[in-house]
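Visitor: Following this message is one structure expressed as structure tokens.
The values are calculated or read from the model by the stated rules, or taken from the named source; none is laboratory data. Because the structure is a prediction, the values reported are computed rather than measured. Cβ sites come from the backbone with ideal geometry, for glycine too, and all protein chains shown count toward neighbours. Side chains are part of the model used for accessible areas, which takes the heavy atoms of the whole protein and leaves out ligands, DNA and RNA. Shrake-Rupley method; radii C 1.70, N 1.55, O 1.52, S 1.80 Å.
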Amino acid sequence: LNSLGIKIHKKNISIILRLIIEIIKIIFKCDCLKIRFNPKRDQWSLLKLRILNRLSYSMYFTNMINSMYLQFLANNLAHRVVDSYEKAEAYSMHGIASYQILMKKRAFKYQNKSSEIARIIHRNDILAFSKSFSGLCYYYNGFWRNSETLLYKSIEQFNSIGNLNGQIISKEHIWKVKLMKGNMNDAIKEMEKMIALCKKVNDQSYLVITVAAYEMVLFIRSGKYEKDKIREVESKLINSDLAHLLIEAGEYLLHLDMESGEFQKAYERAERLLPLILKKCINSEYQVRGFSLFCNLICRELRNRTKGITRIPAHDFKLKTEFINNSFIHWFSCLSYPAYWGSFHRNLAWFLALHKQKWLAHHFFKKAIKAHHKLDMRYEEACSIRDYGMFLDEFCNLPGEARDRFNTAYEIFQWCGAKLETDRLEVYIQPDRVNKKKSVNRSIDTDMETVFDVGSSSGVNLLRFETLVDVSKNITETDDASILMRQILSAMITATGAQYGCLFINKDAYDGLEPIAMSFEGNMLPVNEVPVFTDLVDRVNETHTMQSSGDMEVNDETDTDGTFIRSDLCVPLIWRDKYLGYVYLVNDRVRGLFGEGAQKAAMVLAAQAGILLENAALLRKQKEFTEELQQQVASQTKDILHKNRQLEEANLRLIESERMKGILSGTLVHDIKNYAAGITGNLIFLSRRMESDQKARHVIDVVCDTCTDITSMASNLLDIAKMDDGKLVVKEDLIDFQFFESMAEKFGRGALFDEKEIVTKIVPPEEEFIISADVYLMERVLQNLYSNAAKYAPKGSLVELRFYNEATENIVCFFNSGMPIPDSEKEILFEKYARLQTRQSPYSKGLGLFFCRMVLQAHRGRIWLDTDRSGNYFKMAFPRREFIRRVSAAS
């Protein structure tokens, strides 16, 4: 109709639709006709969904019940529309609503759906909104890391589109995460950022909530807060009708009233606050925190009344009834908010302790500590540990175990930056408070403190460390066993807070050491005056482990309710596997004195005492051995001096012998060279006279070569001796191919070469060949190789000299054909005075190749033998880098 130009009013659409239906029924002759419109294209549905989302979100902070009803209507409508901003927003809000009614899986499912739709339609604003609400779900479930990650990402998304108002919820829960984890300093920083943001966007409700929380955390961190700001917050709460502002800010003010000791004001505030929570909130985070604080307030008041202090004008029965009713609501809320299980168990433990249910109280205190530790809630964990210590002290009379809990809580509070709590706990560990008795009149700050009797040694943990240091200094300065025993016993009494103590030494381990006893003041006592349980001592002697009698019952040593009021601790002294004795510690004024900390201190001292006692015994034995040894040394000193004089005389004779040996060797080699030179000269003269007689000339040449070998052998002997003594000086020069060519010409000819028809050959290198070596020694090496070739090479063989340039070495290869030398004899060939069994020669004494190896080693090179079917390859390798370094230096 619109296409025909006919304008129709929206009110008449239904009439026209009915008319169309009747016409169609007549045309098609049908009795029934149903027309369904596609809601995905219905813009009215999207508009309606947008309105429902806005209404449910605005009513969430004023009337949560009506808000959740509208939200479920919006979720049903969202299923029938296309993917859009309104649909993603409805799914995200439905996730929060589902979490409120314990539908956790459904909550995370719809949050993921919302994020997926936001990515599909490319809307950063709804994507940031979805991440923010997903971070809230993780926050409610106690997943702090996931919550922080999503909240920070949502802030980044909001920043990218310039939306500051959208960041408020994310920033609020970021400082809440820091507060839940117990990091007060980080929480303060995030709160300051939140306050600045609220002022920038002029959001007064979240500003008031953050300021209230800021002052509460500031009081815990420093013990001070600005009262003017608190008055300003309270005035704004009076004039406000926003449920979330009244509840959340009121809870932080309630917490501040409790910590500052204004119990009556806190109780009155809770009486106004809790009905509002029940009326406006359904299982929300406001509900669980408010009822947790109120139950804690009731427990503190009931505990104070057991000490004669009343601060809340209400009957005991009313307080107990309120605790039971509110605890049930607290328990129900913890099903959705597991971070508050620890506080629920802690409050229940106190309530059970006040009704004499000690075993159940023990159980729930431990559950509270475990629950807080599992979620990494440091501050709440420290509070639970502190309360457990107070319970052990006040209701179980176990000051030793309580003291250990206080020390643990103190360390965690220090990490959290909770100075208020550490100041309150200092009374338990300060040495100047050790001898103070319990006082009925307590100030606000000492409302939760307990001061021990003299025997309990309050604050001894700080003394333990100082005692261990002092004992370590003192007891290590003496080796007298009797003095050492007194120091050990005194240290253990001081460190554990015992009244009496005695030390017994095992006679099988040490003889002559009698047991001793001592009081807390350091006075020596008769051993029989210290009350000792023989059963406890027997168990220590059997098991060699520390034993405590804190749970034993003795009729004449119990208090009014029949519990045992004496503390006994028996500590064995052990060195390795040797049982040295034991220390027995007693305190008949306090039950449970020797807690975990006292036992650890005793174990440390016992371990050190065992070592020192063993050292004392060893020192005593050492003195005896020293006296005996001195006598033996005195008797043997004369013999040693006499033998030293004999050794000196023998050494002088040996030195003189070596000197004469060197002189004789040099003289002998010199004479041999002279005789050989004389023989050679005469033979040369004779050969000139007998030039026509070939046989004679051949014999003369052989004799001349033999003289040359004799001279070479004598020189080898002399040079080998110099090398052994380190006196041979190597004068390196650059040697090229011409040197080897001249040496081959000089030594490659002779009578034996001619007689055996040995062919000598030298192959020039393909490129320039230079090595760094001593000319004289290299000439001697080549002489030895050519001489051996002449002696041992078969008739008609080939002797060849080759050269190779490698990457790191320059190699000279001396080849002689003939039978290859076996592999088993290749190394033997280079040994001193070595000769092969298959080679017989009257000319060889096994020095030539040994001399060659020593020369190559002196040049930082090497020589070895390779063989194949054609013959033997004597290879000499010289390091190439030495040549490169010298050439570069010379250039």
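Visitor: Restricting attention to region 176-185, which residues are in a helix (DSSP H, G or I) and open to solvent by less than 10 Å² (accessible area, probe 1.4 Å)?
Guide: Let us first name the residues in region 176-185 that are in a helix (DSSP H, G or I), namely 176-180, 184-185.
Across region 176-185, the qualifying residues are Lys176, Val177, Met184.
Visitor: Quick check on my filter: what residues within region 817-866 are open to solvent by less than 100 Å² (accessible area, probe 1.4 Å), assigned to a loop (DSSP other than H, G, I, E, B) and modelled with pLDDT of 85 or more? Please lay out each step first, then the result.
Guide: Step one: of region 817-866, the residues open to solvent by less than 100 Å² (accessible area, probe 1.4 Å) are 817-818, 820-822, 824-826, 828-832, 834-836, 839, 841, 844, 846-856, 858-859, 861, 863-866.
If we keep only those that are assigned to a loop (DSSP other than H, G, I, E, B) too, we end up with 818, 820-822, 826, 831-832, 834-836, 839, 841, 844, 846-847, 859, 861.
Hits for region 817-866 are Pro820, Ile821, Pro822, His859, Gly861.
Visitor: Now for a different question. Residues being in contact with a helix residue (DSSP H, G or I) (Cβ under 8 Å, 6 or more places away or on another chain) and either part of a helix (DSSP H, G or I) or open to solvent by less than 40 Å² (accessible area, probe 1.4 Å) (or both): count how many of those fall in region 733-743. Give the steps one after another, and end with the answer.
Guide: From region 733-743, those in contact with a helix residue (DSSP H, G or I) (Cβ under 8 Å, 6 or more places away or on another chain) are 733-735, 739-740, 743; that's our starting set.
From what's left, either part of a helix (DSSP H, G or I) or open to solvent by less than 40 Å² (accessible area, probe 1.4 Å) (or both): 735, 739-740, 743.
Selection size over region 733-743: 4.
Visitor: For Tyr582, which of the numbered conditions (1) at pLDDT 80 or above; (2) within 23 Å of Glu394 (Cβ to Cβ); (3) open to solvent by 10 Å² or more (accessible area, probe 1.4 Å) fails to hold?
Guide: Of everything listed in (1) at pLDDT 80 or above; (2) within 23 Å of Glu394 (Cβ to Cβ); (3) open to solvent by 10 Å² or more (accessible area, probe 1.4 Å), Tyr582 misses just condition (2).
Visitor: Here is a further query. Can you pull out the residues in region 68-125 that are in contact with an Asp or Glu (Cβ under 9 Å, 6 or more places away or on another chain) and among the small types (Gly, Ala, Ser)?
Guide: Ala74, Ala78, Ala88, Ser114, Ala118
Visitor: Next question, about the same structure. Please list, ordered by first then second residue, the pairs with beta carbon atoms under 7 Å, 6 or more apart or interchain, first in region 391-415 and of a type in the set (A, V, I, L, M, F, W, C), second not in a helix (DSSP H, G or I).
Guide: Pairs found: Leu392/Leu398; Cys396/Gly592; Leu398/Arg591; Leu398/Gly592; Leu398/Gly595.
Visitor: Say whether the condition of being surrounded by fewer than 21 Cβ atoms within 10 Å (Cβ to Cβ), closer than 27 Å to Phe332 by Cα and in contact (Cβ under 8 Å) with a residue 24 or more places away in the chain is met by at least one residue in region 70-82. Please lay out each step first, then the result.
Guide: Kept after step one, since they are surrounded by fewer than 21 Cβ atoms within 10 Å (Cβ to Cβ), are these residues of region 70-82: 72-73, 76-77, 79-82.
From what is left, the residues that are closer than 27 Å to Phe332 by Cα are 72-73.
Then keep just the ones that are in contact (Cβ under 8 Å) with a residue 24 or more places away in the chain; that gives 72.
The answer is yes, given that some residue of region 70-82 is surrounded by fewer than 21 Cβ atoms within 10 Å (Cβ to Cβ), closer than 27 Å to Phe332 by Cα and in contact (Cβ under 8 Å) with a residue 24 or more places away in the chain.
Visitor: Is it true that Asn124 is open to solvent by less than 50 Å² (accessible area, probe 1.4 Å) and out of contact with any Leu (no Cβ under 8 Å at 6 or more places or on another chain)? Full working, then the answer.
Guide: Numbers: open to solvent by less than 50 Å² (accessible area, probe 1.4 Å): no; out of contact with any Leu (no Cβ under 8 Å at 6 or more places or on another chain): yes.
Considered against the rule, which asks whether it is open to solvent by less than 50 Å² (accessible area, probe 1.4 Å) and out of contact with any Leu (no Cβ under 8 Å at 6 or more places or on another chain), Asn124 comes out as no.
Visitor: Can you find, within region 781-816, the residue that is surrounded by the most Cβ atoms within 10 Å (Cβ to Cβ) among those that are more than 60 Å from the chain's Cα centre (by Cα) and among the β-branched types (Val, Ile, Thr)?
Guide: Narrowing region 781-816 to residues more than 60 Å from the chain's Cα centre (by Cα): 781-803, 813-816.
Then keep just the ones that are among the β-branched types (Val, Ile, Thr); that gives 781, 799.
Details: Val781: 27, Val799: 24.
My answer is Val781.
Visitor: Next question. Search region 18-41 for residues being in a loop (DSSP other than H, G, I, E, B) and modelled with pLDDT of 60 or more, and hand back the single one that is farthest from Leu73 (Cα to Cα).
Guide: If we filter region 18-41 for residues that are in a loop (DSSP other than H, G, I, E, B), which is where we start, we get 29-38.
Now narrow it down to the ones that are modelled with pLDDT of 60 or more: 29-34.
Values: Lys29: 39, Cys30: 36, Asp31: 35, Cys32: 31, Leu33: 29, Lys34: 25 Å.
Among those that are in a loop (DSSP other than H, G, I, E, B) and modelled with pLDDT of 60 or more, it is Lys29.
Visitor: Sticking with this structure for a sec: Report, by residue number, each residue of region 359-373 that is touching a residue at least 12 places away in the same chain (Cβ under 8 Å), within 19 Å of Asn397 (Cβ to Cβ) and of a type in the set (Phe, Trp, Tyr).
Guide: If the condition is that a residue be touching a residue at least 12 places away in the same chain (Cβ under 8 Å), within 19 Å of Asn397 (Cβ to Cβ) and of a type in the set (Phe, Trp, Tyr), then Phe365 is the only one that fits.
Visitor: Give the residue, chosen from Ala517, Ala481, Ala509, that is at pLDDT 55 or above, touching a Lys or Arg at 6+ places or on another chain (Cβ under 7 Å) and on the phi < 0 side of the Ramachandran plot. Walk me through how you get there before you give the answer.
Guide: Details: Ala517 fails: touching a Lys or Arg at 6+ places or on another chain (Cβ under 7 Å); Ala481 fails: touching a Lys or Arg at 6+ places or on another chain (Cβ under 7 Å).
None of the others qualify; the one that does is Ala509.
Visitor: If you don't mind, another one. I'm told Asn146 meets every condition in (1) under 27 Å from Ile65 (Cα atoms); (2) of a type in the set (S, T, N, Q); (3) surrounded by fewer than 24 Cβ atoms within 10 Å (Cβ to Cβ); (4) modelled with pLDDT of 80 or more except one. Can you identify the failing condition by its number?
Guide: Of (1) under 27 Å from Ile65 (Cα atoms); (2) of a type in the set (S, T, N, Q); (3) surrounded by fewer than 24 Cβ atoms within 10 Å (Cβ to Cβ); (4) modelled with pLDDT of 80 or more, only one is false for Asn146: (1).
Visitor: Do the conditions hold for Ile811, that is, is it farther than 21 Å from Leu847 by Cα and touching a residue at least 12 places away in the same chain (Cβ under 8 Å)?
Guide: On the way: farther than 21 Å from Leu847 by Cα: yes; touching a residue at least 12 places away in the same chain (Cβ under 8 Å): yes.
Taking the combined requirement at face value, the residue satisfies it.
Visitor: Another question about this same structure. Got at least one residue in region 44-62 being more than 24 Å from Ile169 (Cβ to Cβ), modelled with pLDDT under 75 and open to solvent by 70 Å² or more (accessible area, probe 1.4 Å)?
Guide: yes
Visitor: Please note which helices (runs of 4 or more DSSP H) are completely contained in region 186-277 and include at least 2 residues that are open to solvent by 50 Å² or more (accessible area, probe 1.4 Å). Spell out the reasoning first.
Guide: Working: elements: 204-222, 227-238, 243-259.
Those helices (runs of 4 or more DSSP H) span 204-222, 227-238.
Visitor: Follow-up question, since we're still on this one. Could you count how many residues in region 787-801 are touching a residue at least 40 places away in the same chain (Cβ under 8 Å) and touching a strand residue (DSSP E or B) at 6+ places or on another chain (Cβ under 7 Å)? Reasoning before the result, please.
Guide: Filtering region 787-801 for residues touching a residue at least 40 places away in the same chain (Cβ under 8 Å) gives 787-788, 790-792, 796-801.
Keeping just the survivors that are touching a strand residue (DSSP E or B) at 6+ places or on another chain (Cβ under 7 Å) gives 797-801.
Within region 787-801, residues that are touching a residue at least 40 places away in the same chain (Cβ under 8 Å) and touching a strand residue (DSSP E or B) at 6+ places or on another chain (Cβ under 7 Å) number 5.
Visitor: Right, something else. Look at region 530-550 and say how many of its residues are touching a strand residue (DSSP E or B) at 6+ places or on another chain (Cβ under 7 Å), part of a helix (DSSP H, G or I) and open to solvent by 50 Å² or more (accessible area, probe 1.4 Å). Please lay out each step first, then the result.
Guide: Taking region 530-550 as the starting set, the residues that turn out to be touching a strand residue (DSSP E or B) at 6+ places or on another chain (Cβ under 7 Å) are 530-533, 536-537, 539-540, 544-550.
Now narrow it down to the ones that are part of a helix (DSSP H, G or I): 536-537, 539-540.
When the remaining residues are screened for being open to solvent by 50 Å² or more (accessible area, probe 1.4 Å), the result is 539.
The number of residues fulfilling the criteria is 1.
Visitor: Restricting to region 608-626, count the residues that are open to solvent by 70 Å² or more (accessible area, probe 1.4 Å) and not aromatic (Phe, Trp, Tyr). Talk me through it step by step, then tell me what you get.
Guide: Filtering region 608-626 for residues open to solvent by 70 Å² or more (accessible area, probe 1.4 Å) gives 611, 618, 620-625.
Okay, now just the ones that are also not aromatic (Phe, Trp, Tyr), so 611, 618, 620-624.
Qualifying residue count for the region: 7.
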